[in-house]
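Everything below concerns the one structure shown next.
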Amino acid sequence: MHATVAVTETRNPRRWLILAVISLAQLVVLVDNTVLNLAIPKLTEDLGATTADIQWMINAYALVQSGLLLTAGSFSDRYGRKRSLLVGLLLFGVGSLAAAFSLSSGQLIAARAGMGIGGALLTTTTLAVVMQVFDEKELPKAIGLWSAVSSFGYASGPLIGGALLAHFWWGSIFLVNIPVALLGCVAVAKLVPESKDPQGNRPDLIGAALSTIGMAGIVYAIISGPEHGWASATVLVAAGIGVVALAAFVRWELHVPNPMLDMGFFRNRRFNGAISGGLLVAFGMGGSVFLLTQQLQLVLGYDPLEAGLRTAPLALVVVALNVVGLGAKLLEKLGIAMTIAVGMTLNAVGLAMVAVLGTPDRGYGGMLAGLLVMGGGIALAMPAMANAIMTSIPAEKAGSGAAVQGTVNQFGSGLGVAILGAVLNSRFAALLPVGLGAGAAGSLHEALLEARTPELQAQVRDAFAGGVRASELIGALAVVLGGLLAGLLLRRAARSEAHQAA
């Protein structure tokens, strides 16, 4: 039987203000990721970054963060969630400063990896604080608003990033994080109460190292496959290291006295249903957002600011629906399983519309319709998914619960960028006109440089558009399968719990 969230005798009178403060801490992470997607064309030109480099600029952050999330959750439970928020904001700010003044793709990838440490602390601690200051009755609404802030990050990030990229160099997109991080530090220090679990386990450093190495090895193999060949020694060795490291991680967690991931969680059917579906959903969504920004700029020809304005409706729909509490109301009426299934089906339909209708000859109208449908689906499903995971874990393990939820999102998103990016690369290379050099498949920019005539350049752009469309359709399939899988497993879990209660 799953543990429920403890109900406080007296509600914290500042709980909604506290939610606003910790959401600001969460916002700094989300804005950065959205802005980076917009900067892809400039990074390709100014740093000579290939598609694989771009994927690593995104995945370096995601992989380090996902590898450290469980350790960060344990750290916040034991040493204090307020302290973790402050440390995370400071680390994220320092990493942003280093990223802004990077001189090469390698330096930027390293800075992004450093930012992932701060991001791990922020991602786990913000949701853990929500679990501590809200009772069962208000928790669905609070998680919905927390999710709405995530969407606001997607809405404001492209607008801020587009304006900066239109007038300044690409490094300015990282400098914007610094004032937000400083403001967040002041607000957290003044308003957020300290909370911790005195019986919390010590951080599992060996487990963190094994999980990070394992995920990095597998994703590196996926990214490198199109370039080196799936049967090449580089890809096979990286994949082998990843599989061995992840197997060692599972074995270590089963026997270590203080695991960062309690394998007992997997005996809870609600927990298993939420993370199984959540992984596929994050895979589809993470990869699709990565593709969407490229579709707007490289396929439809919008500049960064115009692309940012055209992604805003997706996030603004999510914000509006969560602010009015639609997701929380439907969750109460339909239940977690049906809410997730309906929401992710809408999400997948919208994504498929974006893929099919977002073409140069159709313009932006068809894509807008798809974005609005996606926004409605996300507003329903994502808070319900987080609620399902968090309410299946004991309240005193809120940090670990948030870490699991964050790990699912980050790991799934990182794999989505890698795999759907690999599909894009492979499809793009297959559709390129005959006669271009081998280096043309590295990126759209390189292919256009080798295409000497307008006719060839048009064929290159069509090839890239075909690769984006194929990748987005695969992402839509992953989203709908993830939503249906999560709904099915959660419905079975609910029936099992009802049977045991009877």
### Query
Could you say which residue among A231, A221 is more than 23 Å from S400 (Cβ to Cβ), at pLDDT 70 or above and part of a loop (DSSP other than H, G, I, E, B)?
A231
### Query
Which of the residues belonging to the stretch 29-76 are among the polar types (S, T, N, Q), open to solvent by less than 10 Å² (accessible area, probe 1.4 Å) and within 17 Å of V219 (Cα to Cα)?
Q55, N59, Q65, S66
### Query
Which ones in the stretch 313-330 are crowded, with 20+ Cβ neighbours inside 10 Å and either acidic (D, E) or modelled with pLDDT under 80 (or both)?
A315, N322, G327, A328
## Note on the structure
Per the list (1) open to solvent by 60 Å² or more (accessible area, probe 1.4 Å); (2) part of a helix (DSSP H, G or I); (3) closer than 30 Å to A208 by Cβ, residue check on V349 breaks on (3)
### Query
Among the listed residues G118, G80, which satisfies the condition of being surrounded by fewer than 21 Cβ atoms within 10 Å (Cβ to Cβ) and farther than 26 Å from L420 by Cα?
G80
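Restricting to the stretch 240-269, name every residue that is assigned to a helix (DSSP H, G or I), under 30 Å from G335 (Cα atoms) and open to solvent by less than 40 Å² (accessible area, probe 1.4 Å). Lay out the reasoning, then the answer.
Keep residues of the stretch 240-269 that are assigned to a helix (DSSP H, G or I), which gives 240-255, 263-267, 269.
Subset that is under 30 Å from G335 (Cα atoms): 263-267, 269.
Matches in the stretch 240-269: G264, F265.
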## Note on the structure
In the stretch 284-312, anything in contact with a Lys or Arg (Cβ under 8 Å, 6 or more places away or on another chain) and crowded, with 24+ Cβ neighbours inside 10 Å is listed as L296, P304
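State yes or no: is E455 at pLDDT 85 or above and not aromatic (F, W, Y)? Steps first, answer last, please.
Details: at pLDDT 85 or above: no; not aromatic (F, W, Y): yes.
Considered against the rule, which asks whether it is at pLDDT 85 or above and not aromatic (F, W, Y), E455 comes out as no.
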### Query
How many of the residues making up the stretch 443-477 are farther than 30 Å from G278 by Cβ, open to solvent by less than 50 Å² (accessible area, probe 1.4 Å), touching a residue at least 40 places away in the same chain (Cβ under 8 Å) and in a helix (DSSP H, G or I)?
3
### Task
With the condition kept exactly as written, say whether any residue in the stretch 196-207 is outside any loop (DSSP other than H, G, I, E, B), buried (at least 17 other Cβ atoms within 10 Å of the Cβ) and at pLDDT 75 or above.
yes
### Query
For the stretch 94-105, which residues satisfy the criterion of being surrounded by fewer than 24 Cβ atoms within 10 Å (Cβ to Cβ) and under 19 Å from the mean Cα position of the chain (by Cα)?
none
### Any pair with Cβ under 8 angstrom, 6 or more apart, that starts in the stretch 298-316 at a residue that is closer than 21 Å to S150 by Cα and ends at one that is assigned to a loop (DSSP other than H, G, I, E, B) and aromatic (F, W, Y)
R310/Y302; R310/Y364
### Message
Condition check: in contact with a Ser or Thr (Cβ under 9 Å, 6 or more places away or on another chain), assigned to a helix (DSSP H, G or I), at pLDDT 75 or above and more than 16 Å from I143 (Cβ to Cβ). Does T44 satisfy that?
### Response
yes
### Query
Does the stretch 394-412 include one or more residues that are at pLDDT 80 or above, part of a helix (DSSP H, G or I) and crowded, with 17+ Cβ neighbours inside 10 Å?
no
### Summary
Listed by first then second residue, the pairs whose first member lies in the stretch 478-502 and is under 16 Å from I389 (Cα atoms), whose partner is of a type in the set (V, I, T) and surrounded by 15 or more Cβ atoms within 10 Å (Cβ to Cβ), with beta carbons under 7 Å and at least 6 positions apart or on separate chains, are G482/V281; G483/V281; G483/I340; G483/T345; A486/I340; G487/I340; L490/I336; L490/I340
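When you check L108 against the structure, is it open to solvent by 50 Å² or more (accessible area, probe 1.4 Å) and at pLDDT 80 or above, yes or no? I'd like the intermediate steps shown before the answer.
Working: open to solvent by 50 Å² or more (accessible area, probe 1.4 Å): no; at pLDDT 80 or above: yes.
Judged against the criteria, L108 is not a match.
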### Query
Among the numbered criteria (1) open to solvent by 20 Å² or more (accessible area, probe 1.4 Å); (2) at pLDDT 80 or above, which single criterion is violated by L424?
(1)
### Task
Can you run down the residue pairs with Cβ atoms below 7 Å, 6 or more apart or on separate chains, where the first is in the stretch 336-361 and over 17 Å from A478 (Cβ atoms) and the partner is modelled with pLDDT under 90 and not aliphatic (A, V, I, L, M)?
I336/N387; A337/G487; A337/R491; M338/G487; L357/G366; G358/Q295; G358/G366
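The values are calculated or read from the model by the stated rules, or taken from the named source; none is laboratory data. Every value quoted in this text rests on a predicted model; they were computed, and no experiment measured them. Here the Cβ is made from the backbone with ideal geometry for all residues, glycine too, and neighbour counts use every protein chain on show. All accessible areas refer to the heavy atoms of the entire protein, side chains included, with ligands and DNA or RNA removed. Shrake-Rupley method; radii C 1.70, N 1.55, O 1.52, S 1.80 Å.
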